[in-house]
Amino acid sequence: MAILGFADKETAKVFNGDFSRKLSIDVQRMANRKMMYMDSVDTLNDLRVPPSKSLRAITGRPNWAIFYHD
């Protein structure tokens, strides 16, 4: 399973390992680590764990959103 795209250019930069001037380096490192994990899972159900994440279907679209509560 792979991340197919991003709605935000800065998020795509962080995922690709490029530096974003709009986000702190700490936020970029954490976000990159979490996106690499999401990109490496085998099934959608793997993203339901741990409980600090919330996986939700996007209404009217075949897409999903993941919310982190750190």
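The values are calculated or read from the model by the stated rules, or taken from the named source; none is laboratory data. As the structure is a prediction and not an experimental result, all values here were calculated from the model. FYI the Cβ positions are ideal-geometry reconstructions off the backbone, even for glycines, and counts take in every protein chain you see. Just so you know, the surface numbers come from the protein's heavy atoms only, side chains and all, with ligands and any DNA or RNA stripped out. Shrake-Rupley method; radii C 1.70, N 1.55, O 1.52, S 1.80 Å.
Numerical summary
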quantity: C-alpha long axis of helix 25-40 to longest principal axis of the chain, angle in °; calculated: 40
quantity: Inter-site label distance for residue 37 and residue 65 at 7 Å from Cα along Cβ, in nm; calculated: 2.0
quantity: Cut-off 19 Å (backbone N to label point 7 Å along Cα→Cβ of residue 24), residues of segment 35-66; calculated: 35
quantity: Cleavage-rule hits (trypsin sites (Lys or Arg not before Pro)) in segment 1-51: DSSP loop, at most 16 neighbouring Cβ within 10 angstrom; calculated: 21, 22
quantity: Heavy-atom accessible area per residue - the chain, 1.4 Å, Å²; calculated: 77
quantity: Length gained when the stretch residue 4-residue 56 is fully extended (0.36 nm per residue, less Cα-Cα span); calculated: 17.0 nm
quantity: Carbon plus sulfur fraction of accessible area for the chain, probe 1.4 Å, in percent; calculated: 56
